[in-house]
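Novice: This structure is in structure tokens; I'll ask about it shortly.
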Amino acid sequence: MMRLKLAAPILALGMLVASTAARAVDISFALHTSPPGPEFDAVNRFVELVKERSKGKINVKIFHSAVLGGERDNLEQLTVNEVQMTLFGDTLPNVVAPPYAATVVPFVFPGPEEIFKFWDSPAGAEGKKLIKDKAKLDVVAFFRRGDRHLSAKKAIRTPDDLAGLKLRVPEIPSWVRVWTQLGARPTPVAWPEVFSGLQMGVIEAQENPCFNVNQAKLFEVQTHLMFTAHVPAVWHWSISSRFLDGLTPELREAVVSSAVDAAKHGDEVTKQQIDVVCKDLANKNKMTLVEVDRGPFIAKARPAIDEIAKGWAPSVREAVAQYLN
């Protein structure tokens, strides 16, 4: 008799679990940049892959051009699972995990391959764990954005040419310290406000990969692009841990594997396009391209870098030592 009484509740519970498993999962994917660019190729590939691998159970809606705010806004949104995914630029490690943010300090790493190697190392694993513990984010993949270069309304060939220059930088303390050491006047401005800031003279220069300069049409308010390559920028493919941990194992695997494979695609697209985009800023948009001897910039920035390095984790200092000798 007892079996008969339990049968209905068990059946109802089974139906509820089945209903939950069958329910579509929605992902809001925020991007603070605007198309076109390789990051959009990567995200579009993710949408295709995750739909296929989840058998249609996952829907992705993309919010680009900072309609949900800048990187700091997106960071807060992912932490509480208001937004599920984003591509962070250089802000994430600096804000959440400064002891592991050596990869985004200007004039430290020689290229993106060395940054990928760092994030695959024990030091990188420590950094990703700290980000998950503090911000409830899983950083599951990386791909190159293109080197960050300096742009201005004049040629800048030596650190002396930076003296007093009002340079827009993100709100990253280590960047402010390095550029101050180099003689500039770092001025934090949110990315969506950079064009108007340059137009009105609130700032005189900025630094970003060529894709960003092209996307934001900064060639309309800047005349020179200096190949300083001071940060080999990468995208940090980030997922809300609250969202990811709430998925079934099968859907979690679909999301993570799709992100990893889409990041590989984005990296290949970037490698194919970056030189063309940089050159087109001159050929199509009349910017003057300036080759720069990075040596004097690195030498002058070194005291600030050494000071910043005191705050790095021991494993990070060990991993980065080879680039600072």
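Novice: How big is the stretch 47-154 on each of its three principal axes, counting only the C-alpha atoms and giving the largest first in Å?
Specialist: Cα spread of the stretch 47-154 along its principal axes, largest to smallest: 46, 41, 26 Å.
Novice: Fully extended, how many nm does the chain gain between K279 and R72 (0.36 nm per residue separation, minus their Cα-Cα distance)?
Specialist: Extending this stretch completely gives an extra 71.4 nm.
Novice: Using label points projected 7 Å from each Cα along Cα→Cβ, tell me how many nm separate E82 and K51, to one decimal.
Specialist: Here the modelled spin labels are 2.8 nm apart.
Novice: Using only alpha carbons, build the gyration tensor for the stretch 212-325 and give me the equivalent ellipsoid semi-axes, biggest first, whole Å.
Specialist: Semi-axes, largest first: 33, 27, 12 Å.
Novice: Residues of the stretch 261-289 with amide nitrogen under 20 Å from the 7 Å Cα-to-Cβ point of K217?
Specialist: 277-288
Novice: What number does the stretch 124-222 give for Rg over Rh if you use C-alpha atoms and the Kirkwood radius?
Specialist: Result for the stretch 124-222 is an Rg/Rh of 1.04.
Novice: Right, another one. In terms of the ratio Rg/(2.2 N^0.38 Å) built on C-alpha atoms, what value belongs to the stretch 237-292?
Specialist: 1.83
Novice: Against the globular-protein guess of 2.2 N^0.38 Å, express the Cα radius of gyration of the stretch 110-167 as a ratio, rounded to two decimals.
Specialist: 1.67
Novice: Compute the relative contact order of the stretch 205-308 as a whole-number percentage, counting only Cα pairs closer than 8 Å that sit 6 or more residues apart in sequence.
Specialist: Relative contact order for the stretch 205-308 comes out at 52 percent.
Novice: What is the stretch 93-137 by shape, rounded, prolate or oblate, if you read a ≥ b ≥ c off the alpha carbon gyration tensor as root eigenvalues and call it rounded for a/c under 1.5, prolate for a/b larger than b/c, and oblate otherwise?
Specialist: The shape class here is oblate.
Novice: If you look at just the Cα atoms of the stretch 173-261, how large are its Rg and its Dmax in Å?
Specialist: Expressed in Å, the Cα Rg and Dmax of the stretch 173-261 come to 18.5, 53.
Novice: If every alpha-carbon in the stretch 145-293 counts as one equal scatterer, what log10 I(q)/I(0) does Debye give at q = 0.14, 0.19, 0.20 1/Å?
Specialist: Each listed q maps to, in turn, -0.73, -1.11, -1.19.
Novice: Taking the inverse of the average 1/r across all pairs of different Cα atoms in the stretch 156-203, what Kirkwood radius in Å do you get?
Specialist: After inverting the mean inverse Cα-Cα distance, the result is 11.0 Å.
Novice: On to the next question. May I ask you to derive the relative contact order of the chain, considering only C-alpha pairs under 8 Å and at least 6 residues apart, and to give it as an integer percent?
Specialist: Value for the chain: 26 percent.
Novice: Using only C-alpha positions, report the orientation-averaged shadow area of the convex hull of the stretch 21-104, nm², one decimal.
Specialist: Reported value for the Cα convex hull: 6.4 nm².
Novice: Tell me, what ³J(HN,Hα) does each residue in the stretch 281-290 have, in order and in whole Hz, if you take phi through Karplus 6.51 cos²θ - 1.76 cosθ + 1.60 with θ = phi - 60° and put x for Gly and Pro?
Specialist: 4, 8, 5, 9, 10, 6, 6, 8, 8, 10
Novice: Considering only DSSP states other than H, G, I, E and B, which trypsin sites (Lys or Arg not before Pro) in the stretch 19-87 qualify as loop sites with at most 11 other Cβ atoms within 10 Å?
Specialist: When the trypsin sites (Lys or Arg not before Pro) of the stretch 19-87 are filtered for loop state and at most 11 Cβ neighbours within 10 Å, R23, K55 remain.
Novice: Which net charge results when you count Lys and Arg as +1 and Asp and Glu as -1 among the other residues whose beta-carbon is under 14 Å from that of N81?
Specialist: Every neighbour counted, the sum reads -2.
Novice: Any idea of the accessible area per residue across the chain, 1.4 Å probe, to the nearest Å²?
Specialist: On a per-residue basis, the chain sits at 46 Å².
Novice: With a Förster radius of 22 Å, plug the Cβ-Cβ distance of D120 and Q272 into 1/(1 + (r/R0)^6) and report the FRET value to the nearest 0.05.
Specialist: 0.40
Novice: Another one. Filter the trypsin sites (Lys or Arg not before Pro) in the stretch 266-325 down to the DSSP loop ones having no more than 11 other Cβ atoms within 10 Å, then list what survives.
Specialist: Within the stretch 266-325, the qualifying trypsin sites (Lys or Arg not before Pro) (loop, at most 11 other Cβ atoms within 10 Å) are K284, K286, K310.
Novice: Given the pairs K217/K286; K154/K286; K51/K129, which span a C-alpha to C-alpha distance of over 22 angstrom in this model?
Specialist: K51/K129
Novice: Between F63 and N325, how high is the FRET efficiency from 1/(1 + (r/R0)^6) when r is the Cβ-Cβ distance and R₀ = 41 Å? Nearest 0.05.
Specialist: It comes to 0.40.
Novice: Rounded to the nearest 500, what is the chain's calculated 222 nm mean residue ellipticity when only DSSP H runs of at least 4 contribute -39500 (n - 2.57) each, over all residues?
Specialist: Value at 222 nm, helices only, nearest 500: -16000 deg cm²/dmol.
The values are calculated or read from the model by the stated rules, or taken from the named source; none is laboratory data. Computed from a prediction, not measured in an experiment: that's the story for all the values here. Glycine also receives a Cβ, built like all others from the backbone with ideal geometry; neighbour counts cover every protein chain displayed. Protein only, heavy atoms only, side chains kept; ligands, DNA and RNA dropped before computing areas. Shrake-Rupley method; radii C 1.70, N 1.55, O 1.52, S 1.80 Å.
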